[in-house]
1. Of 48, 212, 102, which has the largest mean-square fluctuation in a 10 Å C-alpha GNM of the chain?
2. Tell me the relative contact order for region 4-68 as a rounded percent, counting alpha carbon contacts under 8 Å between residues six or more apart.
3. Specify the residue with the greatest mean-square fluctuation among 175, 115, 44, computed from a Gaussian network of the chain linking alpha-carbon atoms under 10 Å apart.
4. Of the residues 45, 239, 257, which exhibits the maximal mean-square fluctuation in a Gaussian network model of the chain defined by a 10 Å Cα contact cut-off?
5. With a Förster radius of 30 Å, plug the Cβ-Cβ distance of residue 61 and residue 21 into 1/(1 + (r/R0)^6) and report the FRET value to the nearest 0.05.
6. Which value in Å is the Kirkwood Rh of the chain over different Cα pairs?
7. Label points 7 Å out from Cα along the Cβ direction at residue 157 and residue 139: separation in nm?
8. Stokes-Einstein diffusion coefficient for region 4-68 at 4 °C in a medium of 1.567 mPa s, Rh from the Kirkwood formula over Cα pairs: what value in µm²/s?
Amino acid sequence: MISHRQIEAFRAVMLHGTVSAAADSLNVSQPAVSRIIRDLEADLGYLLFERANGRVTPSLAAFDLLDEVERYFSGMERIDHRAREIGRGRRMGLIIAAMPALAHTLIPDALVGVLAARPELSVRVLAVRTINVLRLVESRQATLGLVAPANLGELTAVEMLDVPYRCILPAGHPLASRPLSDGRAITLEDLADWPFIRFSGDTVTGDMLDQLTRAGRFTATARVDTHLSQMVSAFVLRGLGVAVVDSFTARDHQARGGVSLPVDLDGRQFRFAIAMRESSKLDRTVQAVIAEMVAVTAKVAGEDQLGLTVPILDGHTHR
């Protein structure tokens with residue numbers, strides 16, 4: 001079995017780029033780090049680095065392993081954080097794991113009132129992909145998970161929520177000013193004429209677009225593919241294409257100067273679940289957080305139908 005020391009040395013080399021810099025960060029000698037890495041490769045049975053002219057270059061396998069190592073260190077950091085919080089008497093810690101689109105939008109809005117009413121409460125928010133949300137909640141490293149509703153595994157959905165999808169555009173885009181196909185919403189046919197910024201297929205929105213593609217309903221050409229909603233918005237703002245996003249992301253996009261319009265996706269909406277372990281205790285704090293998430297979601301969905309798109313910034317709806 002590989003050791004913590006081997007994982008630590010491997011991570012240091014990957015993060016710092018050289019064995020000497022990794023050794024400095026670990027306060028050990030360069031030969032010691034080289035030996036640890038060689039032992040790790042021997043234990044694994046494959047090379048992690050190519051060596052030439054005194055340099056080390058990570059292999060593809062090294063990058064794959066780094067993903068797992070970062071999750072390992074993230075878990076250690078959570079343990080350290082929690083232990084110190086307990087030492088300071090802050091025993092009401094709450095950890096929420098969520099897909100990035102919700103971690104950056106819904107959760108901050110929902111926590112405004114909860115934290116104001118509970119100054120002793122500490123909250124940690126983890127923005128990760130759905131599969132990792134499930135792992136974190138199942139392993140008791142997170143209390144609540146905001147995930148795609150399919151394949152919840154051993155988790156229980158305490159709420160199932162929907163908001164409309166929106167089409168986001170850069171300021172001044174022709175679609176924002178021309179007459180639309182049905183007089184109100186952007187259509188799939190409208191999107192086919194423009195370069196598209198697409199979510200990866202392992203995201204809620206990406207999977208939905210893949211379904212439309214397989215059905216022959218969506219034919220837009222993807223210029224960029226990413227799993228992060230903030231990156232989708234950033235690429236659109238820079239004029240690289242148009243995109244379909246959830247209403248939460250669309251609000252942030254418009255707040256940064258972009259355009260957000262209704263889009264008709266054959267009735268499809270952005271659906272997500274607030275999930276917990278079935279055996280978890282639903283205490284008052286957790287109930288309050290869930291209630292705020294439901295309330296914010298209802299406001300966003302309702303305002304979308306009315307065409308109101310000014311972001312919630314202080315826990316209240318602005319019109």
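Here, each number is a calculation from the coordinates, and none is a lab measurement. Just so it is clear, the structure is predicted and the values come from calculations on it, not from any experiment. Heads up, the Cβs are rebuilt from the backbone with ideal geometry, glycines too, and the neighbour counts pull from every protein chain shown.
1. 48
2. 26
3. Of 175, 115, 44, the most mobile in the Gaussian network model is 44.
4. 45
5. 0.90
6. Across the chain, the inverse of the average 1/r is 22.1 Å.
7. About 2.5 nm, to one decimal.
8. D = 112 µm²/s.
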